[in-house]
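All remarks here apply to the structure that follows.
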Amino acid sequence: MAAWRAYLLPGLIFQSVIIGGGYATGRELVEFFIPSGPVGGLLGIVVAGLVFSVVMAAAYEFARVTRSFDYRTFCRHLLGPAWILYEVAYIALVILILAVVGSAAGELVLTLLGIPATAGTIAMMVLVGLLTFLGSAVIQKALAFWSVLLYLVYIALFIITFISFGDAIQHTLDADQGGENWLVNGVRYAGYNINLPAVLFCMVLLTSRRQAIGAGLITGAIAVVPAFMFYLAMMSQYPQIAEQPVPALYLMAQLQTPWLQLLFQLVVFGTFVETGTGLLHSINERIDVHAHETGHQLPRFARPLIAGGLLLVSVYGATAIGIVDLIAKGYGFLTWVFIAILILPLLTLGIWKIHRLSLQGN
């Protein structure tokens, strides 16, 4: 059981963290993949999964051999003095993703219960603060459990959509004239979603190269299978779904299955909490490691305070800018930043350092 935990848990945590900012609303899939067309979008998602697998396999092994269980330590081993570039970019990404999920959580509660969107955002903040206070062990269990539940709901969504609109999906795919840039779009999507810091805290589970590489390859599959099913389901409402601010809610309305709509919205709200928790826990872990290096310790009560502060900044951004513009403009820029300062160095310098440390017996 412990061995399977090492292989599966990193992928489940990775998937549970990226989904809130990666495809829970459907808007992210629209921005990155619909421009390539229905079939091109599916190919782009497959490319993203392959990139996830390769990069995370290298990252897990690098974290294992360098004993890097927070992103500051990881980047100092990988980038040396330039590690600060990653931190600046990562904090900007955290604020951006929290703004997106905070805005979407509010919209979800408004649609579901008819109460002000602010209430949904505040509820998400309280739950995130509680989980960050409870610590790594509880976070691991909560994220893994919710990831499995999420999978079941996405499978149900796909089956019901296929039963109701299978002919429409087939017609959309058959009528596709072929899209462009699906390869680039897949790489771009993976670029901003390589949320390595959020999963580093469970790298202590990996005790061998086989486990690290196996867990990394599995991570890619776990991360994109729900996205693939969701995108295919969205094609039942193509092309009008591309104009919807929250395509997931639009698709739910067309299915006319109130129980599934309620269940999906509840689970998606939980994914927003998961995403916020994973991101903010990674920052807390980074601060805690630095505190230990200086002979101090991050007080437990400080964890939800740090989380709450970043959430407030992010929610203001969501209110001031809006979810569509946040996704279209913010993600596009940061994608290339992370490809330049994390993915390329990891797949070149990082692999060379893994080889060198292996020769030294690590």
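The values are calculated or read from the model by the stated rules, or taken from the named source; none is laboratory data. Keep in mind the model is a prediction, meaning the values are calculated, not measured. All Cβ positions, even for glycine, are placed from backbone atoms using ideal geometry, and neighbour counts span all protein chains on display. For accessibility, only protein heavy atoms count, side chains too; no ligands or nucleic acids. Shrake-Rupley method; radii C 1.70, N 1.55, O 1.52, S 1.80 Å.
Take each uninterrupted DSSP H stretch in the chain, measure its Cα extent along the helix axis, and return the ones at 24 Å or beyond whose mean Kyte-Doolittle hydropathy is at least 1.0. Please report the intermediate quantities before stating the final value.
Values: long enough: 2-22 (30 Å, 1.10); 37-66 (42 Å, 1.58); 83-113 (44 Å, 2.12); 117-134 (26 Å, 2.07); 136-175 (49 Å, 1.39); 209-234 (38 Å, 1.25); 258-293 (53 Å, 0.38); 302-321 (29 Å, 1.48).
Helix filter hits for the chain: 2-22, 37-66, 83-113, 117-134, 136-175, 209-234, 302-321.
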Pick out which of Leu349, Leu108, Leu196 has the largest mean-square fluctuation in a Gaussian network model of the chain, springs linking Cα atoms closer than 10 Å.
Leu349
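Could you do me a favour and compute the accessible area per residue for the chain, 1.4 Å probe, result in Å²?
On the way: 14590 Å² over 362 residues.
Roughly 40 Å² per residue, with all protein chains present.
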Spatial separation of Cα centroids for the range 76-119 and the range 133-169, in angstrom:
21 Å
Compactness of the chain - radius of gyration and Dmax, Cα, Å:
19.7, 64
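Could you tally the net charge around Ile306, taking each other residue with its Cβ under 13 Å from the Cβ of Ile306, Lys/Arg +1 and Asp/Glu -1? Don't skip to the end; give the middle numbers.
Details: positive: Arg286, Arg300, Arg303; negative: Glu285, Asp288.
With Lys, Arg at +1 and Asp, Glu at -1, the neighbours total +1.
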So which residue, out of Ala24, Ala175, Ala233, gets the largest mean-square fluctuation from a GNM of the chain using Cα contacts under 10 Å as springs?
Ala175
Below 13 angstrom from the Cβ of Gln211, what's the summed charge of the other residues (Lys, Arg +1; Asp, Glu -1)?
+3
The long-range amide H neighbours of Thr257, using H built 1.01 Å from N in the peptide plane and a cut-off of under 5 Å, are none
Averaging sequence separations of C-alpha pairs under 8 Å and six or more residues apart, then dividing by the length of the chain, give the relative contact order as a whole percent.
40 percent
So what's the range 111-157 giving for Rg/Rh, alpha carbon basis, Kirkwood Rh from the mean inverse pair distance?
1.09
Mean Cβ-within-10 Å packing, highest first, puts peptides 181-188, 235-242 in the order 181-188, 235-242
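Carbon and sulfur: what percent of the chain's accessible surface (1.4 Å probe)? Kindly include the intermediate steps, with their values, before the conclusion.
Working: 10160 of 14590 Å².
For the chain, the apolar C and S fraction of the accessible surface comes to 70 percent.
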GNM flexibility winner over the chain from Glu274, Glu31, Glu180 (Cα, springs under 10 Å)
Glu180
